[in-house]
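The values are calculated or read from the model by the stated rules, or taken from the named source; none is laboratory data. This structure is a prediction, so every number in the text was calculated from the model and none was measured. Positions of Cβ are generated from backbone atoms using ideal geometry, with glycine treated the same way; all protein chains shown enter the neighbour counts.
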Amino acid sequence: MPKSKFRSSTKQAPVSSADAKEQLDSFLAKYTPEIAAFARRALAKMRRIVPGAVELVYDNYNALAIGFGPTESASDAIFSIAVFPRWVSMFFLQAKGLNDPERRLEGKGNVARHIRLASPATLDEPAIRNLMEDAVALASRPFDPAGKHRLIIKSISAKQRPRRPAGAVRKSQRA
């Protein structure tokens, strides 16, 4: 039986925190400098907002996704930052029942919804902070206020879409 193209990810063996940070940096380096910098700023802001979160990194086929949850289980993740070649989005992974009076959440999902970030500062907007507070309050498992931040590389897809838009050139490729 031929392998499905959807089963091309490889699980990651446990790595040290320093190695995980280095690996995450290498994943971000695949993007244009602008998108990589945008993502780094958004991730830094998320780390300040949910300091005890466990970060779960998935270098997937379509995007680089970094989940933020109270445990190492992906099903417990409450938020994620997804990095695409042209933009960065924030996902609310347990969005069912969220009160969104300003209609900021995009998508038609019954569980997960997202916001395409105009900049990392979008995470500081009152409407977004209210959504985040509601998401944490409604989460199946809350964040542990005394929890210790951890960065875990969960999987790396063997096949990936290009991380840079067509025509984007790396510095090392310039003449």
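Summary table below
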quantity: Tally of residues being without any contact (Cβ under 8 Å) to a residue 40 or more places away in the chain and either outside any loop (DSSP other than H, G, I, E, B) or closer than 27 Å to residue 34 by Cβ (or both) across region 103-120; calculated: 10
quantity: Residue in region 31-45 that is in a loop (DSSP other than H, G, I, E, B) and either modelled with pLDDT under 95 or surrounded by 20 or more Cβ atoms within 10 Å (Cβ to Cβ) (or both) present; calculated: yes
quantity: Residue ID - nearest to residue 31 (Cα to Cα), chosen from residues in region 62-74 that are under 14 Å from the mean Cα position of the chain (by Cα) and not hydrophobic (A, V, I, L, M, F, W, C); calculated: 62
quantity: Residue satisfying condition, being aliphatic (A, V, I, L, M) and modelled with pLDDT of 95 or more, within set 93, 138; calculated: 93
quantity: Of all residues in region 56-73 being not aliphatic (A, V, I, L, M) and not in a loop (DSSP other than H, G, I, E, B), the one that is farthest from residue 166 (Cα to Cα); calculated: 69
quantity: Considering residues of region 26-61 that are within 13 Å of residue 143 (Cα to Cα) and of a type outside the set (A, V, I, L, M, F, W, C) only, the residue nearest to the chain's Cα centre (by Cα); calculated: 55
quantity: Residues being of a type in the set (S, T, N, Q) and buried (at least 16 other Cβ atoms within 10 Å of the Cβ) - total across region 117-154; calculated: 2
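To keep it simple, each residue is scored yes or no on (1) in contact with a Leu (Cβ under 6 Å, 6 or more places away or on another chain); (2) within 18 Å of residue 163 (Cβ to Cβ); (3) exposed (fewer than 15 other Cβ atoms within 10 Å of the Cβ); (4) among the small types (Gly, Ala, Ser).
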position: 54; (1), (2), (3), (4): no, no, no, no
position: 75; (1), (2), (3), (4): no, no, yes, yes
position: 86; (1), (2), (3), (4): no, yes, yes, no
position: 93; (1), (2), (3), (4): no, no, no, no
position: 102; (1), (2), (3), (4): no, no, yes, no
position: 106; (1), (2), (3), (4): no, no, yes, no
position: 109; (1), (2), (3), (4): no, no, yes, yes
position: 114; (1), (2), (3), (4): no, no, no, no
